[in-house]
1. Is it true that residue 702 is part of a strand (DSSP E or B), surrounded by 17 or more Cβ atoms within 10 Å (Cβ to Cβ) and in contact (Cβ under 8 Å) with a residue 40 or more places away in the chain?
2. Please pick out the residue among 733, 798, 748 that is part of a strand (DSSP E or B), in contact (Cβ under 8 Å) with a residue 60 or more places away in the chain, surrounded by fewer than 18 Cβ atoms within 10 Å (Cβ to Cβ) and not assigned by TED's automatic domain parsing to the domain that holds residue 43.
3. Out of 450, 458, 427, I need the residue that is touching a helix residue (DSSP H, G or I) at 6+ places or on another chain (Cβ under 6 Å) and in the same structural domain as residue 206 (by TED's automatic domain parsing). Which one?
4. Against the condition assigned by TED's automatic domain parsing to the domain that holds residue 684 and part of a strand (DSSP E or B), how does residue 784 come out, does it pass?
5. Which members of the stretch 405-423 meet the condition of being crowded, with 20+ Cβ neighbours inside 10 Å, out of contact with any helix residue (DSSP H, G or I) (no Cβ under 8 Å at 6 or more places or on another chain) and closer than 29 Å to residue 302 by Cβ?
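The values are calculated or read from the model by the stated rules, or taken from the named source; none is laboratory data. The shown structure was predicted, so the numbers you read here are calculated from the model rather than taken from an experiment. As a convention, Cβ positions derive from the backbone with ideal geometry for all residues, glycine included, and neighbour counts pool all protein chains shown.
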């Protein structure tokens, strides 16, 4: 069998030979960018995106506000303009003929409602008018203005999402969409899946806390099933982080920030283009150091590097490459645990043990020596030698060509390597190992993809492709007694074919889309050591069954009233992770502890949603409402108590009957004045299990019924900007483990009420240079809030400076 890299040679050669043959037929787009008073806007960015998503070109306006984009292949494009301090122009559809010179001018408003081009909903570029699915966009300018450092902070205001961080910066972060578990939201970077094969559910949750916002163009959130487009883990939705592509004159920024929790953050970004933007590049470096953390017990460090290079030698051929690397270190807390006199069954009000009592326990007092008072649980507490060292490296290369005006071909390869190292020693309260214990988790995902995009006339776009994926998982346990060391290694391959048809009728008012995907798996024989006492002795290890998923959507846009109605249905799928099937631990004196189940069936779901979007007030207001319904027909759960288990496990992963999640998402984007922009979102979620995991409780854990956010940006002047953000939720249930009775108990936690404010002052030095000063306060009313029993930061203040060039 040939190595994977050789299998890419044929499509690469085809792209190269097809790409350079048609350069003489290229066209161009020229124009100017002005403000409402017709003053020119230098350094504005004009972006052209090919409708088949095989090419993107960004150019900058000169000091006279003029731009020129040349060497453009004939075809359909979306064109938009952006500039610092202005609202995006909104995308305009342009058809470029052979050798044509198109003139397109832009007038950018000082503020407005964002209508960015979206790629994630259909894997091809779409304008707001064309979207037939529920999609939200967080643009990079907003992320920078709010000085967001993590993806969790950036997505906190998106309707339908529940973002949790168990503690302070660097601690475990999860994203739940529409009341579904963490693993049912797929995370992408530039359209490529990001998931850790060594994580319990094989999703991206273990990586999110370390995913820094280094140089991001925008983050797109698709709510609703996306499995037919993006494969496993996309049952509830998709988060796509799109990196900046560079281009234009050399530009960038240097940022330094510090404040509460012993926080320092530094970031540097440089971008530009060479040879008339045939080469476009961007490079970003970021460092986050939290020396204290919450309560002085959660120090964390994160170093990230991001780079991207695009090479477009002709109008018919382009190469995209991207790399992202992260090295992080975090001190971990011990999990919350049950204390006090509790009823034998039922939901328990979450009352934390007093901090003074927790400190006594950390200093060596036994549980019986504590005075719990009215407390019902002990919050997560310090474990001074429990650490996590986390590294991941992901890269991608994509080659695109237009051998014909209506035909686009793309070949791509992506790689993700993860390394996690958990360490724990004898220090700390509660059960501790007798010596130093290490747990190693190493994983990798290699994905090759070949895709064809074909436009059948002006109203029909068809794309189809093939995907090969190889995933590996290995974990080693190094115990105080070397005789107790163990290791497991598993590899799995999959082949998938997919297709999508998009139809635009009635002058673009009616949009139809249908897609399907079939994926087939093959499992290599797992290896366990020591072999003499390995688990699953004599068992057969079948591969997961084949996955077939489908998706359909429809939307109709009433141009006269600015109203769009839409509907979307889909079948979701999640393959059991390698850890869910083969996860183990090994403890001296007890041998292997088996969590995995090789016989697990995949998760399946049916989802449907329908909604309405309304533009008002000449584009200065946009209202949206969506009803969603998800039927989880079969899921994978972790049961803390198992009886008569075929594998002899007392706890581990099992299939259950799933549940239902339904509700309503509403959002509003308003510009009541020329300087004030408001964004509000409200989500009601009713999520219920069919088979309870804890007692007879059917309500889904960690999902509040109600969530609300309100964010405002007031541009007081061209230099001074004020920001406000309120996030609130109702109470929710979460499990806490009882180590005495070896069961989970259900606790009712208070919802969050968090307010953040920020002031930003930007001082221009000349046309291309500026310094921005900012200060922000978070949780300004100092709410003592516990996420699943982990104390989150109280009132914090951060300040910083950013130099722009």
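1. Against the criterion (part of a strand (DSSP E or B), surrounded by 17 or more Cβ atoms within 10 Å (Cβ to Cβ) and in contact (Cβ under 8 Å) with a residue 40 or more places away in the chain), residue 702 does not qualify.
2. Just a single option satisfies the conditions, and that option is 748.
3. Only one candidate qualifies: 450.
4. When the stated conditions are applied, residue 784 does not pass them.
5. Listed by number, the residues that qualify are 412, 414, 416.
A quick yes/no check of all residues on (1) surrounded by 24 or more Cβ atoms within 10 Å (Cβ to Cβ); (2) assigned by TED's automatic domain parsing to the domain that holds residue 610; (3) out of contact with any helix residue (DSSP H, G or I) (no Cβ under 8 Å at 6 or more places or on another chain); (4) in a helix (DSSP H, G or I):
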position	(1), (2), (3), (4)
183	yes, yes, no, yes
186	yes, yes, no, no
199	no, yes, no, no
202	yes, yes, no, no
206	yes, yes, yes, yes
217	no, yes, no, no
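The rows are residues; the columns are (1) in contact (Cβ under 8 Å) with a residue 24 or more places away in the chain; (2) over 20 Å from residue 665 (Cα atoms).
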{"residue": "596", "(1), (2)": "yes, yes"}
{"residue": "608", "(1), (2)": "yes, no"}
{"residue": "621", "(1), (2)": "yes, no"}
{"residue": "631", "(1), (2)": "yes, no"}
{"residue": "644", "(1), (2)": "no, yes"}
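To keep it simple, each residue is scored yes or no on (1) under 30 Å from residue 207 (Cα atoms); (2) touching a strand residue (DSSP E or B) at 6+ places or on another chain (Cβ under 9 Å).
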| position | (1), (2) |
| --- | --- |
| 316 | no, yes |
| 324 | yes, yes |
| 361 | no, yes |
| 371 | no, no |
